[in-house]
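Note sheet for the following structure.
The values are calculated or read from the model by the stated rules, or taken from the named source; none is laboratory data. All values reported here derive from a predicted model rather than from experimental measurement. Here Cβ is always computed from backbone atoms with ideal geometry, including for glycine, and neighbour counts include all displayed protein chains.
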Amino acid sequence: MNPLLVALDVDAAAEALALADALRGVAGGFKIGSRLFTAEGPGIVSRLVERGDRVFLDLKFHDIPSTVAGAVDAATRLGVWMLNVHASGGLEMMRAAKAAAAEASAKAGRTTPLVIAVTVLTSLDAQGLGNTGVAGDVEQQVDRLARLTSAAGLDGIVASPQEAARIRGWADRRFLIVTPGIRSGARTDDQARTSGAADALRAGASYLVVGRPIIKAADPRRAAQEIVEQIAGQ
């Protein structure tokens, strides 16, 4: 299965759909985050799902269990392929999310979406994590939250490529590791923990989320093809 997920981090449905049309067949799926979802609402998800695209709804739900369960129910009814919550919401919140996805998909006659949990945002380094009051280094916190996610029965996590190898050391391939922060050059923008695409897969990543290096390229399809070529055979 193609591991490349392209982040459609744009402001308008027309631009997102044009990118999806240009990248379809090269990308393995598309991520819709808070920027596009806030601008265009659930309709943009439905339009991509109707075209047969795999949609990763990246809204990072984080609230009390019942509220998160309601949000997951709504996302599942949209037909998303994957969605995420924050692992820091706790064990019961994650279990409620997983249960809601299973129940809603059964009622709708849909395939149950993958439910994964964000560990530590890839924009945070050790200093940034410390500023939030979390003791220990980033890798330790990611590992701690990954193990909590596994205990909750979720399908996997979001973590940087730098933590993938440690997690893959105890988690088998059924436990997904979705890695943003994929970069090929020195520039990292607001990402603090990054890696190249091939390195991330070698470290144990299951899926790679790539946004700006593709959608801001002069030729987005060619940029995506170059990444696919880099990871071929990994």
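Annotations
- Evaluation of ILE215 against (1) among the aliphatic types (A, V, I, L, M); (2) out of contact with any Pro (no Cβ under 8 Å at 6 or more places or on another chain); (3) modelled with pLDDT under 95 (one fails), failing number: (3)
- Candidate set: the range 134-152, residues that are free of Cβ contacts under 8 Å to residues at least 12 places away in the same chain and outside any helix (DSSP H, G or I); chosen: the one nearest to ARG173 (Cα to Cα): ASP137
- Checking each residue in the range 74-123 for being in contact with a Gly (Cβ under 9 Å, 6 or more places away or on another chain), surrounded by fewer than 19 Cβ atoms within 10 Å (Cβ to Cβ) and among the hydroxyl-bearing types (Ser, Thr, Tyr) picks out THR111, SER123.
- The single residue among LEU23, LEU5, LEU19, LEU36 that is out of contact with any strand residue (DSSP E or B) (no Cβ under 8 Å at 6 or more places or on another chain) and surrounded by 19 or more Cβ atoms within 10 Å (Cβ to Cβ) turns out to be LEU36.
- Residue match in the range 61-74 (condition: more than 21 Å from VAL209 (Cα to Cα), over 18 Å from the mean Cα position of the chain (by Cα) and not in a helix (DSSP H, G or I)): yes
- Qualifying residue in the range 55-77 (condition: polar (S, T, N, Q) and free of Cβ contacts under 8 Å to residues at least 24 places away in the same chain): yes
- Residue list for the range 32-51, filter: outside any helix (DSSP H, G or I), closer than 17 Å to ALA71 by Cβ and not small (Gly, Ala, Ser): ILE32
- Within the range 208-234, the set of residues being hydrophobic (A, V, I, L, M, F, W, C) and free of Cβ contacts under 8 Å to residues at least 40 places away in the same chain comprises ALA217, ALA218, ALA223, ALA232.
- Residue satisfying all of: in the range 153-165; of a type in the set (A, V, I, L, M, F, W, C) and not in a strand (DSSP E or B); farthest from the chain's Cα centre (by Cα) among these: ALA165
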